[in-house]
1. Which value in deg cm²/dmol, rounded to the nearest 500, describes the helix-derived mean residue ellipticity at 222 nm for the protein assembly as shown, given -39,500 (n - 2.57) per DSSP H run of n ≥ 4 and division by the residue count?
2. Work out the length of the dipole vector of chain B about its Cα centre, built from +1 on the beta-carbon of each Lys and Arg and -1 on the beta-carbon of each Asp and Glu, and round it to the nearest 20 debye.
3. Check each residue of the stretch A:79-123 and keep those whose accessible area, probe 1.4 Å, is at least 10 Å² smaller with all protein chains in place than in the chain alone; give them in order of residue number.
4. Could you provide, to the nearest whole Å², the per residue accessible area of the protein assembly as shown with probe 1.4 Å?
5. Helix A:88-97: angle to the longest alpha-carbon principal axis of chain A, degrees 0 to 90, nearest 10?
6. Just want to confirm a number: the relative contact order over chain B, from Cα pairs under 8 angstrom separated by 6+ residues, in percent.
7. As an exercise, use a Förster radius of 41 Å and the Cβ-Cβ distance of B:Ala197 and B:Ser112 to find the FRET efficiency, rounded to the nearest 0.05.
8. If you rotate chain B onto chain A, whose Cβ in B ends up lying nearest the axis, and how many Å away is it?
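The values are calculated or read from the model by the stated rules, or taken from the named source; none is laboratory data. Remember, it's a predicted structure, so these values are computed and weren't measured experimentally. Every residue, glycine as well, gets a Cβ built from its backbone with ideal geometry; the counts of neighbours run over all protein chains shown. For accessibility, only protein heavy atoms count, side chains too; no ligands or nucleic acids. Shrake-Rupley method; radii C 1.70, N 1.55, O 1.52, S 1.80 Å.
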There are 2 protein chains.
Amino acid sequence: MKHSPALGSLIDALRALPGVGPKSAQRMAFHLLHEARADARVLSQSLAQALERVGRCSRCRMLTEGPLCPTCANPQRDASTLCIVESPADVVAIERSGGYRGHYFVLMGHLSPIDGVGPEQLGVGELETLLDTGAIKEVILATNPTVEGEVTAHFLSELVRSHGVAASRIAHGVPVGGELEYVDGGTLAHALAGRQALS
Amino acid sequence: MKHSPALGSLIDALRALPGVGPKSAQRMAFHLLHEARADARVLSQSLAQALERVGRCSRCRMLTEGPLCPTCANPQRDASTLCIVESPADVVAIERSGGYRGHYFVLMGHLSPIDGVGPEQLGVGELETLLDTGAIKEVILATNPTVEGEVTAHFLSELVRSHGVAASRIAHGVPVGGELEYVDGGTLAHALAGRQALS
């Protein structure tokens with residue numbers, strides 16, 4: 001069955017959302033056009049507005065309105081520590097943990113030559129400019145514990161040290177609240193190798 | 001962490017989509033504003049356009065552009081058979097099966113007094129007007145095989161017969177291609193009770 005043109009275009013457009021296939025897109029379109037027309041109007045408008053207003057922070061590349069993101073603009077934050085993450089969602093996750101008071105740098109991806117993502121796409125030039133200001137004493141590499149994330153962390157650690165700044169990697173180990181029995185071997189090996197002395 | 005206003009509004013608006021929670025909404029927003037800005041613009045525009053153009057078919061209540069949906073407007077379809085379904089997605093599913101050439105009537109829900117959904121909300125007045133034209137010889141009740149769907153089918157079968165029109169219910173039984181071992185008891189009981197003689 002062919003949908004009418006406007007309905008078909010909406011279903012196609014909804015498939016641009018991550019994790020949305022043809023069936024979900026159709027379900028979303030019918031929901032928006034039938035039960036949730038007011039919500040649909042709000043969605044269309046807030047999307048247009050966000051596209052117009054939200055850009056990147058000129059310092060850390062986080063998605064934000066205005067030239068600086070709230071973290072970079074906050075004088076209470078410790079500007080001598082820089083935490084490098086892959087995505088804006090990682091910043092949100094670390095902020096939610098409440099355990100970090102420094103600044104961030106968002107790569108917006110990881111090294112992936114096959115997809116054409118090299119140092120330039122990750123803003124390494126901007127990172128070097130930041131490092132050269134001399135304000136940063138330590139860089140924490142918080143890329144994902146995946147193959148690509150590790151490769152990216154390794155590349156960045158060399159770069160950071162070549163600028164005379166200390167680099168560290170977030171700890172790999174058993175998640176808090178988990179059970180050893182269900183933790184995978186690679187994580188367990190990391191947890192054992194990274195054991196810390198009890199005083 | 002508080003998102004900037006435009007980003008926060010977009011995340012809230014995305015939660016209106018069925019099956020999208022706070023984490024998915026955030027992931028969608030970051031994706032739309034970073035990797036998929038062109039797609040995001042298309043989504044915002046096609047949603048606004050669909051809201052403006054897509055309404056209900058004046059005959060069968062299907063979502064469509066223009067006064068009549070393609071099925072109702074098609075003179076090749078058999079106007080003497082009317083298939084009553086709960087949602088536009090059911091029309092799409094039946095059309096895809098290729099086994100039906102009649103018309104439809106879309107309830108846009110099922111009887112649910114607790115949610116304030118009575119016969120009026122399901123367009124029963126419009127259905128009675130259709131029945132009174134005398135063109136319809138049989139009504140096929142294809143509401144979902146759920147408690148609410150069965151109650152709605154029962155209510156409609158009485159209504160349809162009170163207008164002197166034959167009513168039938170789609171067959172319940174074992175799905176084609178499935179294995180008996182994994183079919184639930186209720187379905188198996190229906191399949192046995194509804195057995196058909198082999199010639």
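1. After summing the helix terms and dividing by residue count, I get -13000 deg cm²/dmol.
2. Values: 17 positive and 21 negative charges, 121 e Å.
The calculated dipole for chain B is roughly 580 debye.
3. A:Pro88, A:Ala89, A:Val92, A:Glu95, A:Arg96, A:Met108
4. Values: 21250 Å² over 398 residues.
Value returned for the protein assembly as shown: 53 Å² of accessible area per residue.
5. It works out to around 60 degrees.
6. Answer for chain B is 13 percent.
7. Values: r = 38 Å, r/R0 = 0.93.
Computed FRET efficiency for B:Ala197 and B:Ser112 comes out at 0.60.
8. Taking Cβ atoms only, the nearest residue and its distance are B:Ser44, 3.
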